[in-house]
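The next block holds one structure in the form of structure tokens; read it before the comments.
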Amino acid sequence: MNRTLTFIRRFSTLILTLALLALTARTVLADTAPPDIETVSATVTDSATSLNVLWVMLAGFLVFFMQAGFALVETGFTRAKNVAHTMMMNLMVFCIGALGYWLTGFAFQFGGVNYTYPAIHGFDAWAFSPITLGDWSGLLDQPLLIGGSGVLGLKGFLMAGLSANFGVLAFFLFQMVFMDTAATIPTGSMAERLKFSGFVLMGLFVSMFVYPVIGNWVWGGGWLANLGRTLGLGNGAVDFAGSGVVHMVGGAIGLAGAIVIGPRIGKFNRNGTPNTIPGHNIAMGVLGTIILFFGWFGFNPGSSLGFTGAFRNLAVLAAINTLMAGAAGGVTAMLTMWWFGPSRKPDPSMSVNGLLAGLVAITAPCAFVDGWAAVVIGIVAGVWVCIATTLVEKMGVDDPVGAVPVHLFNGLWGVLAVGIFANGNPDTALWNGVSTPVTGLLYGGTSQILAQLLEVTAVFTFTFLTSFAFFKLLAAINLLRVSRKDELAGLDIPEMGALGYPADWEPDLKPQGDLRQPSRSPSHAPAD
């Protein structure tokens, strides 16, 4: 009897508890409004934008760290008597370039990137603004100079009116470090004889004018980007991370500067044959190359400008292709010199330059090609840089770090590779406002290669001619080359007022290369 009563009491308590819980749940649910779909959607969109901005910022930081790689490569493969001068150029080009790009460069390049181009030739209206980085309404929306698909942006000088938009600010940082890469390349080709005052003016010239103009044509909605919409040439000029915009520009400036400034004292004999002028620290140069390889994973994948949806797919593909092309370029250049080079040795200088050439070449097509194509592009780059080095020397051009063979010649190869190997990836549809994916010759696209040819022609012609005129002007007012006395003594004291190494540092007591010894292998050091 007692057990029965106990069971009844416990059962009644359980039922009462469940009833109270049900009543409480009903009250709570009754007082809770149904979810607002628009609010949830806005939250998701804001989270995606924040992720994309974070991705762009981190990639920009990686590209910034490449400056350390440039400094080590250039300094290691030039002579100890110029260490302070070479290091200072690599440090200050970033500072000078940042100010110049802030003053006019960003506006010239992206002043019309958010302008909506009218529908033409069956194509819908189109804006080039990065849709991954938030709403840019009312910003950078002024039509380009000279027509709807023109040549120069005109809004955003000194970043005026843009400081409240975090997406634009992240974009500015990312694009600024790209510009600095182009501005750094010529310091290698003119190393060991360039006046520091002339270098300062060159930094402003590149950051404020030359680079932004080319950048506008390809990335800012300019006429090269619009070739697909205006002339039906594929998707217009396509250059994912800048084989043309960054590396060809830097290489063309470097070539113009090296021609005008002339070779270093003792580089060429009277009969035109070159002499080897070895660098002072191979370990420093190789370490700089490894840093550059690391930074390239910000350079190429970061150019997706996002890490959500299709942009994530492009970023990961770009990373893998960057890895494989760089590796293939390094191995190929090493084997080329080992098997066919004059010394029959795996030349460290050319191995480094082959690696960098592979990275430069894959920069334009990295998000548009399959893995096997990335390896082929790197292999070609590794051989091409060896050939180009010999060609540059036969032209009588002294390029101490091989900047021109690496950046100009292989930047050109990379731009053309898009028109050959682009695989029609659906994620690349609507590139530059064209509804079809980017497709090269091997996959049935017959017109993309024409747009790529126009890009390399326009980039080289404009950049080389304007730079050649600029350096001629510097030479005419005695601001380009140091005196013979200063060059022979080393530029650290005359130009910097300080030695890069202590005066009693042992390698300084040894000859800086036997200038009477004919070159037995490509007489350059690796490019930065």
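Please treat every number below as a calculation from the coordinates, not as lab data. None of these values were measured; they are calculated from a predicted model. Positions of Cβ are backbone-derived with ideal geometry, glycine not excepted, and every protein chain shown enters the neighbour counts.
Of the peptides 53-61, 169-177, 181-189, the order by per-residue mean of other Cβ atoms within 10 Å, starting with the highest, comes out as 181-189, 169-177, 53-61. Given R0 = 45 Å, the distance between the Cβ atoms of S483 and L287 translates into a calculated FRET efficiency of 0.85. Evaluate E = 1/(1 + (r/R0)^6) for M395 and L91, where r is the Cβ-Cβ distance and R0 equals 25 Å; express this FRET efficiency to the nearest 0.05. About 0.25, to the nearest 0.05.
Using the Cβ of S129 as centre and a radius below 11 Å, the other residues enclosed give a net charge of -2, where K and R count +1 and D and E count -1.
Give me the net charge for the shell around T116: Cβ to Cβ below 12 angstrom, other residues only, Lys and Arg +1, Asp and Glu -1.
With Lys, Arg at +1 and Asp, Glu at -1, the neighbours total -2.
Using a 10 Å cut-off on Cβ atoms, rank the peptides 318-329, 400-411 from the highest mean neighbour count down. Don't skip to the answer; put the middle values down first.
Working: 318-329: 24.5, 400-411: 31.6.
With the highest mean Cβ count within 10 Å placed first, the list reads 400-411, 318-329.
In this label model, V316 and I387 are separated by 3.6 nm, measuring between points 7 Å along each Cα→Cβ vector.
For a paramagnetic label modelled on L499 (point 7 Å from Cα along Cα→Cβ), amide N atoms under 18 Å away belong, within the stretch 278-308, to 280-281.
When each of the peptides 288-299, 156-167 is scored by how many other beta carbons lie within 10 Å of its residues on average, the order from highest to lowest is 288-299, 156-167.
Give me the percent of DSSP beta bridges within the stretch 47-509 that run antiparallel, rounded to the nearest 5.
Bridges in the stretch 47-509 that DSSP calls antiparallel: roughly 90 percent.
Between helix 83-100 and the chain there is an angle of about 50 degrees, using the helix long axis and the longest principal axis of the Cα atoms.
Where only DSSP H runs of four or more residues are counted, the chain gives -18500 deg cm²/dmol as its mean residue ellipticity at 222 nm, each run worth -39500 (n - 2.57).
For the pair S435 and I265 in one chain, pulling the backbone fully straight at 0.36 nm per residue adds 55.7 nm over the alpha carbon distance.
Counting every other Cβ atom within 10 Å of each residue's Cβ, L491, L335, L441 order from fewest to most as L441, L335, L491. Once you charge only the Cβ atoms, +1 for Lys and Arg and -1 for Asp and Glu, what is the size of the charge dipole of the chain about its Cα centre, to the nearest 20 debye? Dipole about the Cα centre, nearest 20: 640 debye. Note on the stretch 47-509: along the principal axes its Cα atoms extend 68, 49, 40 Å, ordered by decreasing extent.
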